[in-house]
Amino acid sequence: MSVLKVLKYGDETLRNPAEKVSKVSAKIQKLVSDMFDTMYAYNGAGLAAPQIGVSKRILVMDCSTEEKPLPAMSFINPVLIKKEGEFISEEGCLSFPGMTTAVTRYSQISVRYTDVKGKTQLLSVTSEENDYLCKAIQHEMDHLDGILFIDLVIDRFSAKALLEANNLPAIDPSG
Ligand code: ZN
């Protein structure tokens, strides 16, 4: 078991687009397992590899609740092949401890990805079926492109106020 350090907002690594995984090797499987250990240690529901400083297109997620039990999931090289509709989603992020905010997400998605055994999988979910899973996939996938949920806050003035209230640095001017 390895719990890795989660990078906080302000770390430049979080802004870098991650690279595709070419092969699901034993090394990648170990990384996925360490990512689960880290996510659970921080009480998170999702974690993307860039958050632990690894620039690879990998996510882990556990959106299981009492009402809607779900297995823990890992996604390698996920791609959104369908994105339609919209819903308002209240979110937090392990890279922004203690902060939550509402952002707009697609309400119907299909994601194609490779699982930890190297098999291609397809998952479709709507916010109506499971808003928690629907938003978590989109939130974590954004991390792979260097996009953070603060970027999706409706306007720059609310984003600024929110960051200031949480003693966090301003959104990078280059962004
Ligand atoms: Zn996040």
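The values are calculated or read from the model by the stated rules, or taken from the named source; none is laboratory data. Not measured: the values here are computed from a predicted model. Quick reminder, even Gly has a Cβ in these numbers, built from the backbone with ideal geometry, and neighbours come from all protein chains shown.
Quickly run through the stretch 96-134 and pick out the residues that are in a helix (DSSP H, G or I), farther than 23 Å from residue 32 by Cβ and of a type outside the set (Gly, Ala, Ser).
Passing the criteria: 128, 129, 131.
Residue 95 fails exactly one of the following numbered conditions: (1) more than 12 Å from the chain's Cα centre (by Cα); (2) within 16 Å of the ligand (Cβ to nearest atom); (3) crowded, with 21+ Cβ neighbours inside 10 Å. What is the number of that condition?
(1)
Quick check on the stretch 148-165: of everything there that is assigned to a loop (DSSP other than H, G, I, E, B) and buried (at least 16 other Cβ atoms within 10 Å of the Cβ), which residue is farthest from the ligand (Cβ to nearest atom)?
Step by step, filter the stretch 148-165, then rank; the result is 153.
What are the pairs with Cβ atoms under 8 angstrom where one residue, in the stretch 82-104, is more than 19 Å from residue 51 (Cβ to Cβ) and the other, located anywhere, is among the hydroxyl-bearing types (Ser, Thr, Tyr) and within 13 Å of the ligand (Cβ to nearest atom)? Sequence gap at least six, or different chains.
Between residues of the stretch 82-104 that are more than 19 Å from residue 51 (Cβ to Cβ) and residues that are among the hydroxyl-bearing types (Ser, Thr, Tyr) and within 13 Å of the ligand (Cβ to nearest atom), the close pairs are 90/100; 90/101; 102/89; 104/89.
Can you say whether residue 145 is within 15 Å of the ligand (Cβ to nearest atom), within 23 Å of residue 55 (Cα to Cα) and at pLDDT 95 or above, as far as the supplied structure shows?
So residue 145 fits the description; yes.
Just one of 109, 137 is surrounded by 20 or more Cβ atoms within 10 Å (Cβ to Cβ), more than 16 Å from residue 10 (Cβ to Cβ) and either free of Cβ contacts under 8 Å to residues at least 40 places away in the same chain or of a type in the set (S, T, N, Q) (or both); which is it?
Just a single option satisfies the conditions, and that option is 109.
With the requirement that a residue be over 13 Å from the mean Cα position of the chain (by Cα) and crowded, with 20+ Cβ neighbours inside 10 Å, what does the stretch 78-92 give you?
89
Quick check on my filter: what residues within the stretch 1-49 are loosely packed, with under 13 Cβ neighbours inside 10 Å, in a helix (DSSP H, G or I) and at pLDDT 95 or above?
Those that are loosely packed, with under 13 Cβ neighbours inside 10 Å, in a helix (DSSP H, G or I) and at pLDDT 95 or above: 26, 27, 30.
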